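Undergrad: My structure is below; once you've seen it, I'll send some questions.
The values are calculated or read from the model by the stated rules, or taken from the named source; none is laboratory data. The model shown is predicted, which means the values in this text are computed figures rather than measured ones. Because the Cβ atoms are built from the backbone with ideal geometry, glycine has one as well, and the counts that use them run over all protein chains shown.
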Amino acid sequence: MKTLVAPSLLSANFADMKPDIDMLNRSEADWFHMDVMDGVFVPNISFGLPVIKAVKKYTDKPLDCHLMIVKPENYIDAFAEAGADIMTVHVEASPHLHRTVQAIKAAGMKAGVSLNPHTPVSSIQHMIADLDLVLIMSVNPGFGGQKFIEFAVDKVAEVKALAEKHNPSLYIEVDGGVTDQNAQKLVDAGANVLVAGSYVFKAEDRESAISSLKL
């Protein structure tokens, strides 16, 4: 199976998102990656439930919602109702992670857990069998357009090793500075979902940029 590509709407045109949504619908993109930021967990504010709900009306592709917020457990039902297909929370923001993951699944969504660059993979090793997705941050979360952090490749390999033992169907996603220059080594390390924002939306030919990540 080719690598899944999840373009991040954080890099879309917020003043008129419909053309960008139409482009993603035409393209080989597999998921829409939705970065939700609260200005508390990360030093930026993006968009929330009304935008998720609006985007859902115009696509049949899954909405991959990455919550960079405090107390994500308070919003599980709201995101399910808005149309999220995947809800990913940060291990750093979720002290009762097992309970949160189970609640996400009970609400009918796939459950993901994200790790900041300096959070070790060992923090989720006892939960790996319960997860649908692990998201490795390859930049510090909060802003698009940052430089790729190279040691993320090693973290992907660590997660892949755990997945092979305990959860072979796990989605291993990477977000931050992903381009055609580093995509192959991420896939070789075990990644099977690539998030790309600036690389896609700043490209002259956006659909070709997406296709270049379908490795």
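Undergrad: Within region 34-51, is there a residue that is touching a strand residue (DSSP E or B) at 6+ places or on another chain (Cβ under 9 Å) and among the aromatic types (F, W, Y)?
TA: The answer is yes; a qualifying residue exists.
Undergrad: Let me ask another. Six or more apart or on different chains, Cβ under 7 Å: which pairs go from a residue in region 26-54 that's farther than 13 Å from H66 by Cα and modelled with pLDDT under 95 to one that's small (G, A, S) and surrounded by 15 or more Cβ atoms within 10 Å (Cβ to Cβ)? Could you list them?
TA: Hits for this filter: P43/G142; N44/G142.
Undergrad: If you don't mind, another one. For the subset of region 20-48 comprising residues that are acidic (D, E) and not in a loop (DSSP other than H, G, I, E, B), which member is nearest to S94 (Cα to Cα)?
TA: Per the criteria, the residue is D38.
Undergrad: Which one is surrounded by the most Cβ atoms within 10 Å (Cβ to Cβ) among residues in region 49-83 that are of a type outside the set (D, E), part of a loop (DSSP other than H, G, I, E, B) and more than 15 Å from the chain's Cα centre (by Cα)? If you could, list the steps in order and put the result at the bottom.
TA: Residues of region 49-83 of a type outside the set (D, E): 49-59, 61-63, 65-72, 74-76, 78-80, 82-83.
From what's left, part of a loop (DSSP other than H, G, I, E, B): 57-59, 61-62, 69-71, 83.
Still in the running and more than 15 Å from the chain's Cα centre (by Cα): 57-59, 70-71, 83.
Details: K57: 8, Y58: 14, T59: 16, V70: 16, K71: 15, G83: 19.
Per the criteria, the residue is G83.
Undergrad: Out of all the residues in region 178-197, is one or more assigned to a loop (DSSP other than H, G, I, E, B) and either on the phi > 0 side of the Ramachandran plot or acidic (D, E) (or both)?
TA: Yes, some residue in region 178-197 is assigned to a loop (DSSP other than H, G, I, E, B) and either on the phi > 0 side of the Ramachandran plot or acidic (D, E) (or both).
Undergrad: Taking the stated definitions as given, is P117 in contact (Cβ under 8 Å) with a residue 60 or more places away in the chain and part of a loop (DSSP other than H, G, I, E, B)?
TA: It is false that P117 is in contact (Cβ under 8 Å) with a residue 60 or more places away in the chain and part of a loop (DSSP other than H, G, I, E, B).
Undergrad: What pairs can you find where one residue is in region 1-15 and in contact (Cβ under 8 Å) with a residue 24 or more places away in the chain, the other is small (G, A, S) and assigned to a strand (DSSP E or B), and their Cβ atoms are less than 9 Å apart, with a gap of 6+ or different chains?
TA: From residues that are in contact (Cβ under 8 Å) with a residue 24 or more places away in the chain, the pairs are V5/A196; A6/A196; P7/A196; S8/A196; S11/A196.
Undergrad: Next question, about the same structure. Being under 25 Å from L115 (Cβ atoms) and surrounded by fewer than 17 Cβ atoms within 10 Å (Cβ to Cβ) is the filter here, so list the residues in region 9-48 that pass it.
TA: Passing the criteria: G39, V40, P43, N44, I45.
Undergrad: Here is a list: I124, I136, I86. Which entry is in contact (Cβ under 8 Å) with a residue 24 or more places away in the chain, within 30 Å of Y58 (Cβ to Cβ), in contact with a helix residue (DSSP H, G or I) (Cβ under 7 Å, 6 or more places away or on another chain) and surrounded by 15 or more Cβ atoms within 10 Å (Cβ to Cβ)? So that I can check it myself, show each step before the final result.
TA: Working: I124 fails: within 30 Å of Y58 (Cβ to Cβ); I86 fails: in contact with a helix residue (DSSP H, G or I) (Cβ under 7 Å, 6 or more places away or on another chain).
Just a single option satisfies the conditions, and that option is I136.
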